[in-house]
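Please treat every number below as a calculation from the coordinates, not as lab data. Keep in mind the model is a prediction, meaning the values are calculated, not measured. For neighbour counting, all protein chains shown are included, and Cβ atoms are generated from backbone atoms with ideal geometry for every residue, glycine included.
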């Protein structure tokens, strides 16, 4: 993703975007962030934050990519690796 590591960007929930009315503007931050993840071609978006998980899941559904892109918590990925 173009904004990662030291240039990372919050999905918006850490800034309470999940709990309040939309602000003026043309783009919702979680949609923008989700689109960045989808553009990488990833089939799985991993998150260690429950808020990011929710915001990214909403973004994937809005982009109509929920059939091809999963949003999983890191713990889910570890559980899947253990089961395999």
Next item on the list: Report the full-extension gain for the segment residue 68 to residue 32: residue separation times 0.36 nm, less the Cα-Cα distance, to one decimal in nm.
Entry: 11.1 nm
Note to self: Is the C-alpha gyration tensor of the stretch 27-83 telling us rounded, prolate or oblate? Criteria: a/c under 1.5 is rounded; beyond that, a/b larger than b/c is prolate, otherwise oblate.
What the structure shows: prolate
Checklist line | Distance between modelled label sites at residue 77 and residue 43, nm, 7 Å Cα→Cβ extension | finding: 1.4
